[in-house]
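Colleague: Submitted below is the structure of interest, expressed as structure tokens.
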Amino acid sequence: MTSPIGLLGGTFDPIHAGHLRTAIQAQEQLGLSEVRLLPNHIPPHRATPDSAPRHRLAMARLAAAATPGLTVDERELNRTTPSYTIDTLMELRRELGRRPLCFIMGMDSFCSLDRWHRWQELLDQAHLVVSHRPGWQPEFNDAVNELFQRHGTRDRERIHRAPAGHIFLLDNPELDVSSTQIRDCIRNGNNPQYLLPDAVTDYIRQQGLYTGSVV
Ligand code: ATP
């Protein structure tokens, strides 16, 4: 079986060091052949993003161009319906056959997994790879805990041998960075340097993103 492919879904409004370090740590710890960034169009679990899909896509592309092993997959942006992860994974599964797929997410997302659309089917299509995030302990509610007890593994070989079905916690340094924090920083006229790639900061400045008041 060929090396697993990583998928990192997000609103990326804007993309930042927390996303990018997570992608790199997953790639290195699990030997992923690539990590595809999947900007979502209409996020099902949160408010409408501040910036238009074309800006979030442009920023993801700039970040991917600056990071070896990262690519951007636009499929969710091309849909007019909510970006349900299960739909995306099923589509990718049809394209990629039995190749292992690793859907990567932060601990905050994993803790509320049982609120995701058809969450019990996600592991039929992919492995779940979870990165630690400040403020979020691996303390799960009963439903998520039961899933973790049944599917959790620390063995990277199992991720390579099966197309889907395991949950792997990354061993990653926690970076206290969020898109909200960066939007606030820019709105307040402060410098977000080192929280995100310089090329993305330049793009935000050129396009005048995140300067308006919050509605
Ligand atoms: P916002 O502040 O707007 O809510 P965010 O910073 O959480 O955004 P998203 O685009 O919503 O960014 O996150 C996409 C994915 O990346 C999610 O699975 C999230 O848990 C994960 N993620 C975001 N920031 C970090 C971080 N600092 N460390 C680890 N994972 C992160």
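Colleague: Which is of a type in the set (A, V, I, L, M) and under 14 Å from the mean Cα position of the chain (by Cα), of 123, 89?
Modeller: Only one candidate passes the filter, namely 89.
Colleague: Find the residue count for the stretch 80-124, including only residues that are farther than 28 Å from residue 52 by Cβ and acidic (Asp, Glu).
Modeller: Qualifying residue count, the stretch 80-124: 3.
Colleague: Which of the following residues is in contact with a strand residue (DSSP E or B) (Cβ under 7 Å, 6 or more places away or on another chain), of a type outside the set (A, V, I, L, M), without any contact (Cβ under 8 Å) to a residue 40 or more places away in the chain and away from the ligand (no atom under 13 Å from the Cβ): 91, 34?
Modeller: 34
Colleague: Output the residues belonging to the stretch 131-183 that are part of a strand (DSSP E or B) and either small (Gly, Ala, Ser) or touching a Pro at 6+ places or on another chain (Cβ under 8 Å) (or both).
Modeller: 131, 152, 169
Colleague: Hey, another quick one. Consider the stretch 63-97. How many of its residues are out of contact with any Leu (no Cβ under 7 Å at 6 or more places or on another chain) and among the hydrophobic types (A, V, I, L, M, F, W, C)?
Modeller: So the answer is 4.
Colleague: While we're looking at this one, here's another question. Which residue out of 15, 5, 24 is within 8 Å of the ligand (Cβ to nearest atom) and either in contact with a helix residue (DSSP H, G or I) (Cβ under 6 Å, 6 or more places away or on another chain) or modelled with pLDDT of 95 or more (or both)?
Modeller: From the options 15, 5, 24, the qualifying one is 15.
Colleague: Loosely packed, with under 11 Cβ neighbours inside 10 Å and in contact with a strand residue (DSSP E or B) (Cβ under 9 Å, 6 or more places away or on another chain) - does that describe any residue in the stretch 151-174?
Modeller: Yes.
The values are calculated or read from the model by the stated rules, or taken from the named source; none is laboratory data. All values derive from a computational prediction rather than experimental measurement. As a convention, Cβ positions derive from the backbone with ideal geometry for all residues, glycine included, and neighbour counts pool all protein chains shown.
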